[in-house]
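Please treat every number below as a calculation from the coordinates, not as lab data. This is a predicted model, so every value here is computed, not measured. Neighbour counts are summed over all protein chains in view; Cβ atoms, including those assigned to glycine, are modelled from backbone coordinates with ideal geometry.
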Amino acid sequence: MNQLHYREQGTSIRTLFLVGLCIALMFVDQRFNHLEVVRSNISLVLSPIRYLVSLPAITGSWANEWLSSHIELLNENSALKAKGRILNARLQKMQVLKAENTRLRNMLGSSRKLADQVIVAELLSVDQNPYRQLIEINKGTFDGVELGLAVIDDFGVMGQVIHVNQYTATTILISDPEHAIPVQFIRSGTRSVAFGNGSVDQLELRYLPATADIKVNDQLVTSGLGGRFPADYPVATVISITKDLTHGFVSVLAKPLARLDSSREVLVVKSNNGLAAE
Amino acid sequence: MLNLRYFVIFLSLLVGLILMILPLPDPVQIYRPNWVALILIYWNMALPRRVGPWIAFFIGIVVDTSQGTLLGQHALALVIIIYINQIFHQRIRVMSLVQQAIYVFGLLVISQVIIVWVEGIMGRPPPLLAFFSAPFIGMLIWPWVFVLLRDIRRKANIS
């Protein structure tokens, strides 16, 4: 019965204390890395839920495979074989080129490694915060995923790992408003930084000089500066160039090559080609 | 009996959390109601002594982890609306479901304002439509949440 007339004296003070605690937590979380342990432990506890939530999608694709007809499978098989043959043919050429490249690099005295080690991971869930662009993947420290590693799909760079626990990792996409990636134009060699702006099909390159040699459809690759992303992975294609005459800058919009909103299989790139100093 | 009581409350919050994580197609996402807030408001209204600011705080931290927001962002919003709810819970209990739903809309807007403020301080532009749509859906869902949880509470004999 006392539930009906319940008013505790301490509630206000307790609430005030908790509000202060929240504000302090947010401050510390934004400025420092100390709370990473807390985060990774809570998300470890949450990882069964994440698996549970991604279960319908997994069962769906499993059932799809199970139920797809014999003929479809045969067709797919022959298509894949054809693709495999083409890739093999290209690979032969690649090996020659690779050998040549290594030789040339040796001659130049540069020690950059060509092959990066990768970990194959699958998408678990997309974080449901409309302001952020984060995805969860199903590999964690047990599989060798570390903080800051680059994540790519078959088309280009997707993002980098920002939180990791034993079994899962959170990846920030290059289109997140808080993310920036150092890039280089293949054609002209101009270096710049591509910022996310919150929409999955756009990256912004700000403050490029108006004289910079940029055209629509130019390809952008990672420059490897800063040491986070390995160099020379494709990032985006230029889709529009706007001249800001009053300030003498151009702002460039580019479309990410990676399928940020539809890739289910991703690769975590392990080595940082000798540039990393972390 | 004590264990069962907390187990039921915990289970309902867990279901709320799953509903918050469940993947939705992009255009529908901004309409996702704050399930955890709805469930917390109910338990706080029914059992203010058992479910108060501390539980709101811990659940908020878990939501923050699962959504990749700043630790403390959802916690702050939940603590504040649970505090307001704790002050008014006796008056709200006797209201009709429609009046309750309007009151809950107010609480959800307050929590949304707090979350959007923090996003704004962080320098992320909040989409405007999302601002009222999620609390609005929350308001429409409240009567169902209320009736469902009340029945569960009576069946499980929690007080």
- Item | Per-residue Cβ neighbour rank within 10 angstrom, fewest leading, A:Ser199, A:Ser262 | A:Ser262, A:Ser199
- Item | Ratio of Rg to Rh over the protein assembly as shown (Cα coordinates, Kirkwood Rh, two decimals) | 1.05
- Message: At R0 = 51 Å, how high is the FRET efficiency between A:His70 and B:Ile141 if r is their beta carbon distance? Nearest 0.05 is fine.
- Response: 0.65
- Project the alpha carbons of the range A:1-107 onto their principal axes and report the range along each, largest first, in whole Å. 79, 54, 15
- Item | 3J(HN,Hα) from dihedral phi, the range B:36-52, Karplus parametrisation 6.51/-1.76/1.60, rounded to Hz, x for glycine, proline | 4, 4, 4, 5, 5, 4, 4, 5, 5, 5, 7, 10, x, 6, 8, 10, x
- Query: Under a 5 Å amide H to amide H cut-off, with H placed in plane at 1.01 Å, what residues pair with A:Ala194 once short-range neighbours are removed?
  - Reply: A:Ile181, A:Val183
- Message: Quick check of the Kirkwood formula: for the range B:1-122, what is the inverse mean of 1/r over all pairs of different Cα atoms, in Å?
- Response: 14.9 Å
- Note on the structure: Within the under-15-Å Cβ sphere about A:Ile42, not counting A:Ile42, Lys/Arg +1 and Asp/Glu -1 give a net charge of -3
- Can you put A:Tyr233, A:Tyr51 in order, fewest other beta carbons within 10 Å first? A:Tyr51, A:Tyr233
- Query: If amide H atoms are built 1.01 Å from N in the plane of the peptide, which residues on other chains or at least 5 residues away come under 5 Å of the amide H of A:Gln160?
  - Reply: A:Val151, A:Ile172
- Query: What angle, in degrees between 0 and 90 and rounded to the nearest 10, separates the Cα long axis of helix A:70-108 from the longest principal axis of the Cα atoms of chain A?
  - Reply: 70 degrees
- For the range B:62-69, just list the computed ³J(HN,Hα) in residue order, Karplus coefficients 6.51, -1.76 and 1.60, θ = phi - 60°, integers in Hz, with x standing in for Gly and Pro. 5, 4, 4, 5, 6, 9, x, 8
- Task: Pull out the extension gain between A:Asn106 and A:Arg31, defined as 0.36 nm times the separation in residues minus the alpha carbon to alpha carbon distance; nm, one decimal.
- Result: 22.8 nm
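Can you order the peptides A:27-33, B:86-92, B:39-45 by their average number of other Cβ atoms within 10 Å per residue, highest first?
Ranked by mean Cβ neighbours within 10 Å, highest first: B:39-45, B:86-92, A:27-33.
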- Task: Starting at the first residue of the range A:61-68, write each ³J(HN,Hα) from the Karplus equation 6.51 cos²θ - 1.76 cosθ + 1.60 with θ = phi - 60°, in whole Hz, x for Gly and Pro.
- Result: 6, 5, 4, 4, 4, 5, 8, 5
- Message: Which three numbers, in whole Å and largest first, are the semi-axes of the equivalent ellipsoid of the range B:1-54 derived from its Cα gyration tensor as √(5λ)?
- Response: 26, 12, 6
- A:Tyr167, A:Tyr131 arranged by Cβ crowding within 10 Å, fewest neighbours leading: A:Tyr167, A:Tyr131
